[in-house]
Amino acid sequence: MNIQFTCNQIESLIGYFIEGKLAPSLLEFFNQHLKKCPKCRKKVEQLQKVITKYAPENNPHESKPDKELIGNLSAYMDNELDTGENVKIKKMTILNPNARQKLESMYKFKKLMHNAYEKTKNDTKFDYSKSIVATLNEGQGYTTTYFRNIIILFVLLLIAVITGFIYLYF
Amino acid sequence: MPNKNDYKKMKIDELVVLSQQEDFSALEELIRKVQKDVFATLSYMLKSNENLYDLTQEVLLKLARNISNLHNPKCFQGWLNHIITNTYYDYLRKLKNKPPVISIEYSCPSQDSEINIEIPDKHSKPIEKCITNECERQVKKAIRGLPEVFRIAIVLREFQGLSYEEIASTTNSSIGTVKSRISRARMKLHEDLKNYT
């Protein structure tokens, strides 16, 4: 039986391969494909680099949070990474238990903060809507009334001046 | 002419558009819909509850007075957060006896993108019950204990759902700086609140 893996099949098995958990019967065909396909070979190399970088054994100072890792996980959680970075982090969290734990913890805190925020909102009892709109209208009313009074005074003054002229010259 | 119930059923965008047409009933309903968010956001931005109610009213009044200046109703949430943040910064300047710099001018970072604000579905069961008063106090204390720039960034991100680009625009910083501030805020909060998860 001559099995030839497609690139899609390689994609689905890549995680097991990296972890060394690929079934021995499939390993030969997996490696055969990698020999012939530079694209898949590059994918495996890139993923291996990411895993190696974040592997627990390569991060002896785990008690100090890895700022870069947290930064990327934080941006991943906010959906602010570009597609390539997104996929890298997603794969890394699947394969690295430490990163996965950190991400899960971050989601828990997110939920806690949202619960606190919702409680703050729900505990508020005031309603400023009527008073704000009333203040807005008062301001307009005041300006309109003031303007109207000025116009009336001006017209009266004009009439007085014209009457004065008529009286003087006639 | 819509009646009271019609206004209650309208979406924020619809109320914004009507408010811009001087429909005061729509404006009233719009204020009713956003006032709790404004209050809650300010309560996490400020270091104490002093002046919280006054500042909330100040923001709502600015919203009401300037709603017609908002060119794109789709940018309402970002515009409102711009007002909240600027009002907060002006309050800080007043405390330091510096002159206020009020700017209502706001340009949407990306006009084509949709601004997605997560609004919880009232009819769906909450995954977890509301936390206790003590827990809420501790979360607020932890957030209020953050350095100001971290606090503003995390509040705008977590509670107002702004993108990094929008936060950068609102706080006059770069996207990279916003990313760093948010992740550092989360690290600090994680440390302060690890007993509450």
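Laboratory data are not the source of any read-out in this text; all were calculated from the coordinates shown. Just so we're clear, the structure is a prediction, and the values are computed from it rather than from any experiment. All Cβ positions, even for glycine, are placed from backbone atoms using ideal geometry, and neighbour counts span all protein chains on display.
Quick look at the values:
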item	result
Estimated FRET transfer efficiency (A:Asn31, B:Asn72; beta-carbon r; R0 41 Å; 0.05)	0.15
Under-18-angstrom lysine pairs by C-alpha in region B:10-104, whenever the two are 8 or more apart or on separate chains	9
Those trypsin sites (Lys or Arg not before Pro) in region A:69-143 that DSSP places in a loop and that have at most 10 other beta carbons within 10 Å	A:Lys125
Value of Rg/Rh across region B:126-192 [Cα atoms, Kirkwood radius]	1.02
Inter-chain shielding of A:69-77 (mean C-beta neighbours from other protein chains, 10 Å cut-off)	4
Partner chain coverage, peptide A:104-115 - average Cβ within 10 angstrom	6
Rg/Rg_ref, region B:10-104, where Rg_ref = 2.2 N^0.38 Å and atoms are Cα	1.09
Cβ neighbours within 10 Å from other chains - mean over B:57-65	4
Top positive-direction residue, dipole computed over region B:1-104 with Cβ charges, set B:Leu60, B:Leu27, B:Leu92	B:Leu92
Projected label distance in nm at A:Glu45 and A:Phe126, using a 7 Å step from Cα toward the beta-carbon	6.3
